[in-house]
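Written below as structure tokens is the structure these notes are about.
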Amino acid sequence: MKRHTAARALALGAFTATAALALAGCGQGFDDGGSTGEGGGDDSGLTILIGSSGDAETDAVTEAVAAWSEESGTPAEVTVASDLNQQLSQGFAAGDPPDLFYLSTEALAGYAANGSLQAYGDDLENKDDFYPSLVENFTYEDQFYCAPKDFSTLALIINKGLWDAAGLTEADIPTTWDELASVAQTLTKDGVVGLGYGWEWQRLGTFMAQAGGGLVEDGEPIANSQENVDALTYVQDQMAAGTFAYAQDLGAGWGGEAFGKQLSAMTIEGNWIQGAMANDYPDVEYIVAELPEGPAGKGTLQFTNCWGMAADSSNQEAALDLVQYLTSTEQQLAFSQAFGVMPSIQSAAEQWKTDNPDLAAFIAGADYAQGIPTYEGTADVITDFNSQLQGLKDGDPQQILDTVQSNLEAIVG
Amino acid sequence: MTATVTAPRRGRTSGSGIRRGEALAGWIFTAPVIVILGIFLFIPVLMALWVSVSDWGGRGSPFSGNVNFVGLENYASVTTGEGLTARDFGTAMRNNTWYVILVVPLQTALSLFLALLVNGAILRGRGFFRTAFYFPSVTASVAITVLWLFLFNPRGPVNAFLALVGITGPNWFADPRGIFHVVLSGLGVREGPSVLTGNGFLAVSWWNWGAGPSIAMSAFILMAIFTTSGTFMLLFLAALQNIGPEIQEAAMVDGANAWQRFWRVTLPQLKPALFTVLTLGLIGCWQVFDQIYTGTKGQPAKTTLTPAYLSYDAGFLDQNWGQGAAIAFILFGIIVLFTILQRWVLRERPVSRRRARQYELPARPATASPATIASRQVPAPPDPAQTPGGADDLGKGARS
């Protein structure tokens, strides 16, 4: 009996020891992030995680970072994420995040709230050069978190071939909602719809902005204001008439695809449309115009990413220096040339306009564009709004906006 | 394994003799599996359980000092109230419930049907069909999803085929209308009675629970049936080949027609296989994720949102790790519950008196029908020497 017990005890001991070792190994991965300077990469190098739109962007960023490395003597490595959000989450949970990374406006609040981000905006030397609306996009609880790396706005994209074929001229480019409705009607024929756009707030929100509405104004949710109801009602009426349509209803994944396949003669898209058209539909000629004015004047939406810095980064000084290098006028113009984005700093705007005369409408939008509100949970509210907009055809705008309003009230304030 | 070896010894001897040390050897041999399962399965599950009752925000270790225990708060926020989180969870449950209700019975029936087909002696080229039916199961679900998006494109092959027979196909993956609501609105009913629209469960009104799967979800349902029925066909096929032909012959001698032979003889013997198929089907259906992640991400109008995807979304995209883990554990609870329920429904029951009376044939009181006796016996593997037909069958199956 005794020997047997001893054998069992030995076996149990061996098992416990193995398990403990394994656990210790496992635990190490989790804890080393807590103590700074151990797991987050040593002082010598920086890691940069980007979500790239393609080779052009990857090459441009890699090149710029390499140039900075040479200048500063700090090694830096650029990694392209296959799923940026997931890889960032894993990095933060493991306590081993990249030092710098692309960060979207929607993701800002979540990471800022759990303390993953370093708020370095006020330390930037070129802080005052950024567009104020972009700074607002990366301000969470009154702190300017990160430097906007570039931005895009939405504009009206017109198919030149179909436009000319319908007998329309440059003078007919719509500047009001009524004109937009009438040219859309002219262009709607032979299986082509006048205006096609994605079924989401990220496109329809332009109409809300033009009507004088929006989601949040001065810290107060205004989703169910009369202006927004008017905007959605206008869109709904045009869709009922068949002159406006969701790209998804036309059988395309997004507005640009419907436009490129000539399922719609016009679309509402951002700067990225150039890349898509050049790659996928090189034969389609197009004009970029400012979106028409609504009852309250001009309005559009802007989208931007920033250079997020991890609070766990061990070499924040070098990281800040790299951000300043990457957001400098010269570097932003180089990025713009490489992959078509617009510089986030005002001092580069004039040069950009000269370089891209055909795309001036995009940068003109910077003056009146609205951004995504930065409250924790905004992304969910917008997802829910989008899911309801997908049923707008049979829906009641007031009812949809009331739901959005109550969802916003739950997260704002 | 070790338990069965050591248990009798403990009472009999004091561990001396040639069997000494067996227990140790047993532990050593099983240790790798225990360690691997522990590290990669058991411990992560316990960690996730902790996360589901904590306020961990996704930064650093969930076991560090500044993470607090919040009780069932995360569970409450997804299951109670009228907020966005609760509504999303309710919608996801609604979608997945319809998915399960439609996929599980249909895939089981279809796979059984396919197994009967390729098991039959009449069909030519059985080997080819077995491979063909099984093929979708070995293809990656991501690849199938992409194929499906292409097939069900509004201008894609499916709608082109429907147009040939004069039907205007829907815009499959962009149509958020529930199929029952489509039928009802066809009959002129657009608004539900206030009893249904005013009350609900999990922040979703009964009227919306009754909407049925959306047209987009229906496409996923078709896909699930298409891809999984091949796997389950194999399970049924294995079970069918274990049933000797003599039982069928005995039933035929008793005058049972094909339908009766299937319901009264074959099906009861497939019960273990049926249990496996239903359990695997239920588990797979409640965990549907890849299709949603690659296909629609919950769109249109959240009608393809599933709890598994919602759990991912809450954690990785919104940094609400506690809620994400809570959803995963609720899902775990549902799966366990359904498996127990189904085990209870399919349990072995003694023949009821009513059923037994059917077999009491007044004309031949001495002998019970051979079919009934046979059907209650545990099926034995067919003996090649006695049943050349059966052996031939197996041989062909193995060759193809």
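The values are calculated or read from the model by the stated rules, or taken from the named source; none is laboratory data. This one's a predicted model, so the numbers in the text were calculated from it and none came from an experiment. Every residue, glycine as well, gets a Cβ built from its backbone with ideal geometry; the counts of neighbours run over all protein chains shown. Calculation scope for accessible area: heavy atoms of the full protein, side chains included, ligands and nucleic acids excluded. Shrake-Rupley method; radii C 1.70, N 1.55, O 1.52, S 1.80 Å.
What are the residues in segment A:387-413 that are of a type in the set (S, T, N, Q) and facing chain B (nearest Cβ under 8 Å), if any?
A:387, A:388, A:390, A:407
Could you identify the single residue in A:103, A:156 that is in contact (Cβ under 8 Å) with a residue 12 or more places away in the chain and either surrounded by fewer than 22 Cβ atoms within 10 Å (Cβ to Cβ) or closer than 26 Å to residue A:361 by Cβ (or both)?
A:156
Only one of these conditions is not met by residue A:287: (1) assigned to a helix (DSSP H, G or I); (2) hydrophobic (A, V, I, L, M, F, W, C); (3) in contact (Cβ under 8 Å) with a residue 60 or more places away in the chain. Which number is it?
(1)
For a quick check of your reading: which helices (runs of 4 or more DSSP H) sit entirely within segment A:136-216 and have at least 2 residues that are acidic (Asp, Glu)? Working first, answer last.
Values: elements: A:160-165, A:177-187, A:201-210.
Hits in segment A:136-216: A:177-187.
Among (1) more than 14 Å from residue A:114 (Cα to Cα); (2) over 26 Å from the mean Cα position of the chain (by Cα); (3) open to solvent by less than 30 Å² (accessible area, probe 1.4 Å); (4) not aromatic (Phe, Trp, Tyr), there is one condition residue B:57 misses while meeting the rest; what is its number?
(1)
What helices (runs of 4 or more DSSP H) completely inside segment A:310-413 contain at least 2 residues that are in contact (Cβ under 8 Å) with a residue 12 or more places away in the chain and crowded, with 20+ Cβ neighbours inside 10 Å?
Details: elements: A:316-326, A:329-339, A:349-355, A:360-364, A:378-389, A:397-411.
The helices (runs of 4 or more DSSP H) meeting that bar are A:316-326, A:329-339, A:360-364, A:378-389, A:397-411.
Do you know which residues across segment B:309-328 are open to solvent by less than 20 Å² (accessible area, probe 1.4 Å) and away from every other protein chain (no Cβ under 11 Å)?
The answer is B:309, B:322, B:325, B:326, B:327.
Sort out which residues of segment A:253-272 are open to solvent by 10 Å² or more (accessible area, probe 1.4 Å) and either free of Cβ contacts under 8 Å to residues at least 60 places away in the same chain or within 19 Å of residue A:385 (Cβ to Cβ) (or both), and write them in order of number.
A:253, A:254, A:257, A:261
Taking residue A:117, is it among the hydrophobic types (A, V, I, L, M, F, W, C) and open to solvent by less than 10 Å² (accessible area, probe 1.4 Å)? Outline the logic, then answer.
Details: among the hydrophobic types (A, V, I, L, M, F, W, C): yes; open to solvent by less than 10 Å² (accessible area, probe 1.4 Å): no.
No; evaluated as a whole, the condition is false for this residue.
Where residues in segment A:111-126 are in contact with a Lys or Arg (Cβ under 7 Å, 6 or more places away or on another chain) and at negative phi, which of them is modelled with the lowest pLDDT?
Among residues in segment A:111-126 that are in contact with a Lys or Arg (Cβ under 7 Å, 6 or more places away or on another chain) and at negative phi, the one modelled with the lowest pLDDT is A:114.
Out of the residues in segment A:82-96 that are open to solvent by less than 40 Å² (accessible area, probe 1.4 Å) and within 8 Å of chain B (Cβ to nearest Cβ), which is nearest to residue B:316 (Cα to Cα)?
A:89
Take residue A:120 and tell me if it is within 14 Å of chain B (Cβ to nearest Cβ), of a type in the set (Ser, Thr, Tyr) and within 16 Å of residue A:144 (Cβ to Cβ).
no
Need the failing condition index for residue B:130 against (1) part of a helix (DSSP H, G or I); (2) open to solvent by 60 Å² or more (accessible area, probe 1.4 Å); (3) among the basic types (Lys, Arg), just the number.
(2)
Given B:270, B:274, B:331, which one is open to solvent by 20 Å² or more (accessible area, probe 1.4 Å), under 30 Å from residue B:236 (Cβ atoms), out of contact with any Ser or Thr (no Cβ under 6 Å at 6 or more places or on another chain) and away from chain A (no Cβ under 14 Å)?
Going through B:270, B:274, B:331 in turn, just one is open to solvent by 20 Å² or more (accessible area, probe 1.4 Å), under 30 Å from residue B:236 (Cβ atoms), out of contact with any Ser or Thr (no Cβ under 6 Å at 6 or more places or on another chain) and away from chain A (no Cβ under 14 Å): B:274.
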